[in-house]
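Structure, as structure tokens:
The values are calculated or read from the model by the stated rules, or taken from the named source; none is laboratory data. Everything quoted here is computed from the prediction, not taken from an experiment. No Cβ is skipped: glycine too gets one built from the backbone with ideal geometry, and neighbour counts run over all protein chains shown.
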Amino acid sequence: MEAAALTAEPNTCTDPGAGLTDRIQRFFTRPFFLSLTIGIPFCIFKGLFGLAALRAGMAAAALPLTIFGWAVILWAVVDLLMNIWRSLTDLDRRVAGIEFCSLAELGRIFHRPAVFLAVDTLISFTIISLMLWSGWIATLTTPEAYLWYAATTLNLISISVVSLYNEIKKAEQPRVS
């Protein structure tokens, strides 16, 4: 599940809590929560994937793979800075003026940042799969592996907590017969 699905908003720069009366649900849609539990973990996945690609490229003397690795690392750093900015401005109760990631920011040009955010999510999940199926996950150092584990845990547990909370709220609603 990605940030756009959790916020259910066409423009992620608008106030994600607008119209929600439930305090917990408002917290789940705050840029701080979304960045911490989705955006930053995705940046970690991208960065470690780029690092693995860089290492593989350097080991095989494959310049295209080395360049690709550096490009993915740069992309991860830019997205990380964007997520940190979104978090900090949200904590300061200001509007960030930027999207959660560079692809969503690019999507603003086409007036479809949420679509591009969903594409970023697809790419991030593809990166996770590539790391697992290529065996590159085994090339991570111990600190890198723990960073991967932390990002995975934070991302998956938060998605589960939000889903559980939403289902509990749905179950509490009176049934119409």
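Considering Ala150, Ala104, which residue is surrounded by fewer than 19 Cβ atoms within 10 Å (Cβ to Cβ) and either at positive phi or assigned to a helix (DSSP H, G or I) (or both)?
Ala150
Any idea how many residues of region 135-177 are among the polar types (S, T, N, Q) and within 15 Å of Pro41 (Cβ to Cβ)?
So the answer is 5.
Do you know which residues across region 108-129 are over 17 Å from the mean Cα position of the chain (by Cα) and closer than 18 Å to Lys46 by Cβ?
none
How do the pairs read when you match residues in region 158-177 that are touching a residue at least 12 places away in the same chain (Cβ under 8 Å) with residues anywhere that are not in a helix (DSSP H, G or I), using Cβ under 8 Å and keeping only pairs 6 or more apart or on different chains?
Going by the 8 Å Cβ cut-off, the qualifying pairs are Ile159/Met1; Val162/Met1; Ser163/Met1; Lys169/Asp22.
Does Leu132 qualify as being at negative phi, aliphatic (A, V, I, L, M) and within 20 Å of the chain's Cα centre (by Cα)? Before the answer, list the steps.
On the way: at negative phi: yes; aliphatic (A, V, I, L, M): yes; within 20 Å of the chain's Cα centre (by Cα): yes.
It is true that Leu132 is at negative phi, aliphatic (A, V, I, L, M) and within 20 Å of the chain's Cα centre (by Cα).
Any idea which of Thr89, Thr121 is in a helix (DSSP H, G or I) and surrounded by fewer than 19 Cβ atoms within 10 Å (Cβ to Cβ)?
Only one candidate passes the filter, namely Thr89.
Out of the residues in region 124-136 meeting the condition of being touching a residue at least 24 places away in the same chain (Cβ under 8 Å) and not hydroxyl-bearing (Ser, Thr, Tyr), tell me which one is nearest to Cys101 (Cα to Cα).
Ile127
Only one residue in Gly39, Gly69 is part of a helix (DSSP H, G or I) and free of Cβ contacts under 8 Å to residues at least 24 places away in the same chain. Which one?
The unique qualifying residue is Gly69.
Based on this model, can you work out whether Ile84 counts as in a helix (DSSP H, G or I) and either at pLDDT below 95 or β-branched (Val, Ile, Thr) (or both)?
Answer is yes for this residue.
Has region 37-48 got any residue that is at pLDDT 95 or above and more than 15 Å from Asn83 (Cα to Cα)?
Checking region 37-48: at least one residue is at pLDDT 95 or above and more than 15 Å from Asn83 (Cα to Cα).
Determine whether region 162-177 contains at least one residue that is more than 16 Å from the chain's Cα centre (by Cα), of a type outside the set (Gly, Ala, Ser) and surrounded by 13 or more Cβ atoms within 10 Å (Cβ to Cβ).
There is at least one residue in region 162-177 that is more than 16 Å from the chain's Cα centre (by Cα), of a type outside the set (Gly, Ala, Ser) and surrounded by 13 or more Cβ atoms within 10 Å (Cβ to Cβ).
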